[in-house]
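Report on the structure given below.
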Amino acid sequence: PQLASLAHQVDHEFHKSAQKIFGVDKRTKTAHLTDTKGDGSIRYSQGPVKLMSRAKAKAQNDYFEEAFPTSACVLDLNRCAYVFEDVATLLDALELFVNKVRRYKSG
């Protein structure tokens, strides 16, 4: 119950941060990568907070061999999706994302 409450509390900030990664337009939910071999189109889709019944089932079914508490393995309570029109844009976006994470981790 506490985890579900926290997931709902941070959901807005989660999506705000997820959209910021590629500069997603808040109104159209789209973005465009300019430095890519592909067409650069990205669509953002906001997912719902995972239901606790689904999180419990996932912990029991997918992580039954993990150490207790298996619920600690369920990390995707807040969810979103990026849709890329071509593989080149996907690969360039992935590289951009990895580089942002590395910069964030290094300071």
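The values are calculated or read from the model by the stated rules, or taken from the named source; none is laboratory data. Small disclaimer: the values here were computed from a predicted structure and weren't measured. Quick reminder, even Gly has a Cβ in these numbers, built from the backbone with ideal geometry, and neighbours come from all protein chains shown. In case anyone asks, the SASA skips ligands and DNA or RNA and just uses the protein heavy atoms, side chains included. Shrake-Rupley method; radii C 1.70, N 1.55, O 1.52, S 1.80 Å.
Taking 0.36 nm per residue of separation and subtracting the current Cα-Cα distance, fully stretching the chain between SER71 and LEU96 would add 5.9 nm.
Accessible area per residue for the chain is 74 Å², calculated with a 1.4 Å probe on protein heavy atoms, without ligands, DNA or RNA. Cβ-Cβ distance of LYS26 and ALA88, R₀ of 30 Å, FRET efficiency by 1/(1 + (r/R0)^6): the value works out to about 0.70. Springs between Cα atoms under 10 Å define the GNM used for the chain, and in it the highest mean-square fluctuation of GLN19, GLN60, GLN46 occurs at GLN60.
Using the Cβ-Cβ distance between GLU13 and LYS105 with R0 set to 22 Å, the FRET efficiency from 1/(1 + (r/R0)^6) comes to roughly 0.65. Post the alpha-carbon centroid distance, the range 4-35 to the range 42-107, in whole angstrom. Cα centroid to Cα centroid, the span is 13 Å.
Distance between the pseudo-spin-label points of LEU6 and CYS80 (7 Å out from Cα toward the beta carbon): 2.0 nm. Going by the alpha-carbon gyration tensor, a ≥ b ≥ c the square roots of its eigenvalues, is the chain rounded (a/c under 1.5) or, if a/c is not under 1.5, prolate (a/b greater than b/c) versus oblate? Because a/c hits 1.5 or more and a/b exceeds b/c, the chain counts as prolate. What is the percent carbon and sulfur in the accessible area of the chain, measuring with a 1.4 Å probe over the protein chains and ignoring ligands? Carbon-and-sulfur percentage of accessible area, whole number: 57.
Checking the cross-link pairs LYS16/LYS56; LYS16/LYS100; LYS20/LYS105 against a 19 Å limit on the alpha carbon distance flags LYS16/LYS56 as lying beyond it. Going by alpha carbons, how many degrees (0 to 90, nearest 10) lie between the helix axis of 52-62 and the longest principal axis of the chain? Once rounded, the angle reads 90 degrees.
Does the range 38-78 come out rounded, prolate or oblate, given a ≥ b ≥ c as the square roots of the eigenvalues of its C-alpha gyration tensor, rounded meaning a/c under 1.5 and, failing that, prolate meaning a/b above b/c? Prolate, because a/c is 1.5 or more and a/b exceeds b/c.
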